[in-house]
Amino acid sequence: MAAYTESIQNLMNLLADLPGIGMRSAERIAFHLLKQRPEEAMKLADAIRDVKTRIRHCSTCYNLTERDPCDICANSARDHAVVCIVEQPKDLLALESTGLYRGVYHVLLGRISPLEGVGPEDVTLDALMNRLAAGDIREVIMGTNPNLEGDGTALHIQSMIGGRFPNVQITRLARGLPAGSNIEFANRNILADAISGRQRM
Ligand SMILES: [Zn+2]
């Protein structure tokens, strides 16, 4: 069997490293790109370069953004005294899609998972504590996923906040969210109910 040229093989290997793409798909994509006009194919390379050079984490909430602070943190019409804690930027986007939430966010960039060796120091909890120490936050909404790690993360944060900032009210999204589910995949109506029906922890 004839081997692919080095550059085709390299492209296929890199594509096959992407989540959900096996060697067969990598091969199809590589040949699709080869058939495309150069300016078409280079759009993909440019898009990858753009996200890696322009996109960063907001220094306040850790959302993905091209401007720092992000549009949500910079928006004075939002209630900066209410902070919803989510695991990932995708969760923030899902909650934003409801159009119902007027507070701001804090993105953990992960969840505490002792089984996977992810401790409190591996998520953006220090930054959250610094935000709380500034003293302007009156409510924290736990928007972690309603599964084992998400609930454990919420409980850990609850005890950290309760110990240091007893005046901050802690709520969590209502349990219209199916247990064991992911916020990112919940439909908008369920998320809207979860925000408006949030409960004291
Ligand atoms: Zn932000």
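See the values below:
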read-out: Selected residue (only one of Asp136, Asp126, Asp193 is open to solvent by 60 Å² or more (accessible area, probe 1.4 Å), closer than 16 Å to Ser97 by Cβ and acidic (Asp, Glu)); value: Asp193
read-out: Tally of residues being within 11 Å of the chain's Cα centre (by Cα) and either open to solvent by less than 10 Å² (accessible area, probe 1.4 Å) or at pLDDT below 95 (or both) across the stretch 96-109; value: 4
read-out: The stretch 20-74, subset open to solvent by 70 Å² or more (accessible area, probe 1.4 Å) and of a type in the set (S, T, N, Q), residue farthest from Asp122 (Cα to Cα); value: Thr53
read-out: Failed condition for Asn167, given (1) more than 17 Å from the chain's Cα centre (by Cα); (2) in a loop (DSSP other than H, G, I, E, B); (3) buried (at least 17 other Cβ atoms within 10 Å of the Cβ); value: (3)
read-out: Qualifying residue in the stretch 76-84 (condition: without any contact (Cβ under 8 Å) to a residue 24 or more places away in the chain, within 14 Å of the ligand (Cβ to nearest atom) and not charged (D, E, K, R)); value: yes
read-out: Selected residue (criterion: nearest to Gln169 (Cα to Cα)) from residues of the stretch 139-155 that are open to solvent by less than 40 Å² (accessible area, probe 1.4 Å) and of a type in the set (A, V, I, L, M); value: Val140
read-out: Number of the exception - Ser113 against (1) buried (at least 18 other Cβ atoms within 10 Å of the Cβ); (2) more than 18 Å from Ile190 (Cα to Cα); value: (1)
read-out: Residues that are free of Cβ contacts under 8 Å to residues at least 12 places away in the same chain and near the ligand (Cβ under 10 Å from one of its atoms), drawn from the stretch 27-74; value: Ser59, Thr65, Arg67, Pro69, Asp71, Ala74
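The values are calculated or read from the model by the stated rules, or taken from the named source; none is laboratory data. Note that the structure is a prediction, hence the values are computed from the model and not measured. Heads up, the Cβs are rebuilt from the backbone with ideal geometry, glycines too, and the neighbour counts pull from every protein chain shown. These area figures cover heavy atoms from the full protein model, side chains too; ligands, DNA and RNA do not enter into them. Shrake-Rupley method; radii C 1.70, N 1.55, O 1.52, S 1.80 Å.
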